[in-house]
Amino acid sequence: MSDSPNERSGLELVPSVDRLGFVRTLRELMATEDTVGLLVVDIQDFKRINHTFGLTIADQLLVKTFATLSSITLKGASVFRLGGNEFAIVLPSLLDPSLLVLAANKVCKVFEQPLAIGEHFMQISVRIGYASNAIYCGDVEELLRHAEIFLEDAKSQGVPYVEYDDANELQAYDWQLESELNQAIINNELILFFQPKISFREEGKIHLEALARWMHPKRGMISPLLFIPLAEQTGGIKLLTKWAIHSALRSLTEWPGFLPLQDKGHTTCYSVAVNLSVQALEGEGFVELVAAALNIWGVAPENLTLEVTEGVFVNDTSRAVRCLHELKALGVCISIDDFGTGYSCLSYFKNIPAGELKIDKSFVEHLTENGDDQYLAQLIIDLGHRFNMTVVAEGIEDLATFTLLQKMGCDYAQGFYRAKPMPQDVLLAWLEKYKEGRV
Ligand code: C2E
Ligand code: MG
Ligand code: MG
């Protein structure tokens with residue numbers, strides 16, 4: 001297929017390949033906007049169309065495809081031809097990167113109708129890859145590369161586009177970040193953010209959850225939702241967990257609120273929580289690792305909480321569950337994270353080593369308007385209390401939800417309404433303000 005503006009057809013001009021214009025537009029947008037979307041659209045079987053119908057028709061098909069893509073009402077979109085049969089749609093100001101799937105769907109829909117080309121009606125199908133700088137904090141080439149990886153995935157799976165989810169995001173990253181992760185820990189690129197869990201009842205009583213962030217030198221901050229599964233997949237989780245436990249305990253010893261203070265009104269941080277993947281628990285010598293870390297940092301076991309998801313408890317004879325019992329015996333608090341979303345086989349409550357139960361945020365986010373969620377949240381609170389557990393609600397984003405959960409008897413509040421996850425220096429400033437009743 002010729003790339004030059006094309007007069008062969010003698011009809012409308014074939015859109016020029018404009019990679020420069022594409023790169024310029026995308027670069028300018030990415031410099032000023034956090035959520036720019038990119039769709040790369042490929043016409044299937046274009047070679048065959050070329051051979052069967054000839055160059056003139058194939059050229060007209062390119063003209064029509066370009067016009068069709070330009071006519072789709074995607075706000076502020078610009079369309080470019082990137083190569084033979086490949087087009088790009090650049091979308092500024094996406095409210096959410098997940099809207100890219102809707103845009104991809106819209107593109108597919110418009111090609112469900114045959115295109116009228118001369119006397120032919122041609123049914124084409126497209127394959128689409130997409131990416132957003134909200135997920136990949138790289139440059140234009142990086143974004144394009146990710147969209148093209150998704151495009152290849154769609155082609156190999158024989159689907160118009162692959163659905164957006166974290167697992168897929170990860171596939172795109174896999175081979176690239178895999179080798180970098182262990183080095184990133186050594187290079188101090190991983191840091192812990194801390195989010196308070198605040199007592200509903202006792203003013204000033206706070207626990208903290210440590211949440212990992214990867215400050216990648218080129219891509220900016222990478223979410224744990226991306227790199228934790230990667231670490232789990234590649235075996236890096238052991239090193240990561242060790243790093244998280246040591247870093248959290250070290251931080252705990254650096255906070256003024258660490259040791260319960262005598263003077264009234266002081267905030268007391270009783271514990272720091274570290275999230276654990278089941279792979280870490282199953283690893284050789286995990287209990288010894290925790291005991292050694294507590295010893296090195298001089299922290300009492302009750303100041304450390306380990307959060308696990310309920311899936312760990314499915315097999316109560318597993319190594320992981322045995323390990324949790326040993327950790328409990330050591331004096332560490334075990335917390336069940338994201339409760340209600342996993343394989344809730346409640347029989348594990350009979351012999352549960354956990355002292356804390358965290359209601360998953362999916363029950364909390366619509367709590368005030370959804371009676372079913374209220375009912376379920378109340379059940380979880382009662383269940384937790386029945387088994388002597390402290391109940392924490394995560395994902396509280398507004399006052400109404402906060403007040404409701406307080407009335408429902410929940411013990412601790414966690415969520416953006418009171419405090420977002422913060423780096424250590426911001427947390428310290430926040431604790432100061434909190435102590436003075438200013439947050
Ligand atoms: P999680 O343990 O359930 O942590 C809670 C997540 O909810 C955090 O996401 C937090 O930023 C977010 N969150 C807190 N309050 C709100 C709110 O009001 N609204 C909304 N929409 N979200 C809220 P984050 O930091 O992205 O962490 C995601 C997950 O990654 C964590 O879920 C945890 O499972 C995992 N993770 C984080 N750090 C580590 C780690 O060091 N080791 C392991 N194994 N997993 C980790
Ligand atoms: Mg957690
Ligand atoms: Mg959670």
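The values are calculated or read from the model by the stated rules, or taken from the named source; none is laboratory data. Because the structure is predicted, anything quoted here is derived from the model rather than measured. Using ideal geometry, Cβ is built from the backbone for each residue, glycine included, and neighbour counts are taken over all protein chains shown. Accessible surface areas use protein heavy atoms only, side chains included; no ligands, DNA or RNA. Shrake-Rupley method; radii C 1.70, N 1.55, O 1.52, S 1.80 Å.
Laid out as a table, the results:
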quantity	calculated
Residue tally, condition in contact with a Leu (Cβ under 6 Å, 6 or more places away or on another chain) and either open to solvent by 70 Å² or more (accessible area, probe 1.4 Å) or outside any helix (DSSP H, G or I) (or both), over the stretch 388-439	4
Test: Leu324 is surrounded by 23 or more Cβ atoms within 10 Å (Cβ to Cβ), more than 16 Å from ligand 3 (Cβ to nearest atom) and within 30 Å of Glu254 (Cα to Cα)	yes
Wholly enclosed strands (runs of 3 or more DSSP E) of the stretch 92-142 bearing at least 3 residues touching a strand residue (DSSP E or B) at 6+ places or on another chain (Cβ under 6 Å) and not small (Gly, Ala, Ser)	126-132
Residues of the stretch 357-383 satisfying the condition of being within 16 Å of ligand 3 (Cβ to nearest atom) and either polar (S, T, N, Q) or in contact (Cβ under 8 Å) with a residue 40 or more places away in the chain (or both)	Lys358, Ile359, Lys361, Ser362, Val364, Ile380
Index of the failed condition, Thr341 passing every other in (1) in a loop (DSSP other than H, G, I, E, B); (2) over 21 Å from the mean Cα position of the chain (by Cα); (3) within 12 Å of ligand 1 (Cβ to nearest atom); (4) hydroxyl-bearing (Ser, Thr, Tyr)	(2)
Flag for Cys345 being surrounded by 15 or more Cβ atoms within 10 Å (Cβ to Cβ) and more than 14 Å from ligand 3 (Cβ to nearest atom)	no
Filtered residues of the stretch 359-372 (kept if within 11 Å of ligand 1 (Cβ to nearest atom) and closer than 16 Å to Tyr417 by Cβ)	Ile359, Lys361, Val364, Glu365
Condition check for Leu294: closer than 20 Å to Thr241 by Cα and either open to solvent by less than 60 Å² (accessible area, probe 1.4 Å) or touching a residue at least 24 places away in the same chain (Cβ under 8 Å) (or both)	yes
In the stretch 57-87, residue least open to solvent (accessible area, probe 1.4 Å) [restricted to those that are farther than 23 Å from Phe150 by Cα and in contact (Cβ under 8 Å) with a residue 60 or more places away in the chain]	Leu61
Members of the stretch 299-317 that are part of a loop (DSSP other than H, G, I, E, B) and in contact with a helix residue (DSSP H, G or I) (Cβ under 9 Å, 6 or more places away or on another chain)	Val299, Ala300, Asn315, Asp316
Members of the stretch 348-376 found to be of a type outside the set (A, V, I, L, M), assigned to a loop (DSSP other than H, G, I, E, B), crowded, with 16+ Cβ neighbours inside 10 Å and out of contact with any Ser or Thr (no Cβ under 7 Å at 6 or more places or on another chain), listed by number	Pro353, Glu365
Among (1) within 16 Å of ligand 3 (Cβ to nearest atom); (2) modelled with pLDDT of 95 or more; (3) out of contact with any Ser or Thr (no Cβ under 6 Å at 6 or more places or on another chain), the one test that Thr401 misses	(3)
Residue among Thr390, Thr341 that is within 16 Å of ligand 2 (Cβ to nearest atom), in contact with a strand residue (DSSP E or B) (Cβ under 9 Å, 6 or more places away or on another chain), among the β-branched types (Val, Ile, Thr) and farther than 23 Å from Arg201 by Cβ	Thr341
Count of the stretch 23-55 residues which are assigned to a helix (DSSP H, G or I), free of Cβ contacts under 8 Å to residues at least 60 places away in the same chain and over 20 Å from Ser93 (Cα atoms)	7
Output for the stretch 357-387, where each listed residue is of a type in the set (S, T, N, Q) and within 16 Å of ligand 2 (Cβ to nearest atom)	Ser362
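A quick yes/no check of all residues on (1) open to solvent by less than 40 Å² (accessible area, probe 1.4 Å); (2) within 18 Å of Ser70 (Cβ to Cβ); (3) more than 32 Å from the chain's Cα centre (by Cα); (4) modelled with pLDDT under 90:
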site	(1), (2), (3), (4)
Met1	no, no, yes, yes
Glu7	no, no, yes, yes
Asp18	no, yes, yes, no
Val23	yes, no, no, no
Glu28	no, no, no, no
Val40	yes, yes, no, no
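Yes/no per residue for (1) under 27 Å from Val314 (Cα atoms); (2) more than 16 Å from ligand 1 (Cβ to nearest atom); (3) under 23 Å from the mean Cα position of the chain (by Cα):
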position: Ile352; (1), (2), (3): yes, yes, no
position: Glu356; (1), (2), (3): yes, no, no
position: Gly395; (1), (2), (3): yes, no, yes
position: Leu405; (1), (2), (3): no, no, no
